[in-house]
Amino acid sequence: MPLPRAMQIVSAGLWPRDKAFASVTLDFDGRYRRRIRLTLDGGKGGILLDLPHAARLQDGDGLLLEDGRYVLVCAAMEKVMDITATSQHDAIRIAWHLGNRHLPVQVLEDGVLRLRYDHVIEHMVEGLGGRVRRTHQIFSPEPGAYEEGGGSAHAHAHAHSHDD
């Protein structure tokens, strides 16, 4: 029997979340996909994600299946590090070095930068005057400048048309 296919992403808040029949929990890397078999949480089987192009799935999005059912996308908690600096000069230097390495970075309130944990980067940041706090949180970095929707909070397919 073929797997149910999800061919559309509906942004969080734009679908009836209480109607989700299942959920799928994915880390950051697992939330940027085009076509892949996904295992549903709680042993409820699997679905085939089959999108026309690669898209970034966000926590709370709904995957609309061909039969009209929804699957809730949940972002997994990941080992991350939150970076702060004692001066604006140090913060700018740290940001430059992170960008120079093309690392995905999530920008939080109050100038905190969140990255996936990496002991080498942790050591570099501390050497540049930064402070690192290790934690487990959802990791949702900024979309790349050349990624569809780059610079916006949502860079993926929507449930409506932009053809007007």
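May I ask you to verify whether Ser87 is of a type in the set (S, T, N, Q) and more than 28 Å from Leu128 (Cβ to Cβ)? No.
When Arg33 is tested against (1) in a strand (DSSP E or B); (2) modelled with pLDDT of 95 or more; (3) not hydrophobic (A, V, I, L, M, F, W, C), only condition (2) is not met. One residue stands out in the range 1-30 among those that are among the aliphatic types (A, V, I, L, M) and in a strand (DSSP E or B): the one that is farthest from Glu78 (Cα to Cα), namely Met7.
Within the option set Val80, Val10, being over 26 Å from Arg116 (Cβ atoms), aliphatic (A, V, I, L, M) and under 16 Å from the mean Cα position of the chain (by Cα) holds for one residue only, Val10. Filtered by the rule that a residue be assigned to a strand (DSSP E or B), touching a His at 6+ places or on another chain (Cβ under 8 Å) and more than 17 Å from His123 (Cα to Cα), the range 56-106 gives Arg56, Met77, Glu78. With respect to the conditions (1) free of Cβ contacts under 8 Å to residues at least 40 places away in the same chain; (2) closer than 20 Å to Thr135 by Cβ, Asp27 lacks only one, and its number is (1).
The values are calculated or read from the model by the stated rules, or taken from the named source; none is laboratory data. Keep in mind the model is a prediction, meaning the values are calculated, not measured. Ideal geometry is used to build each Cβ from the backbone, glycine not excepted, and the neighbour counts take in all protein chains shown.
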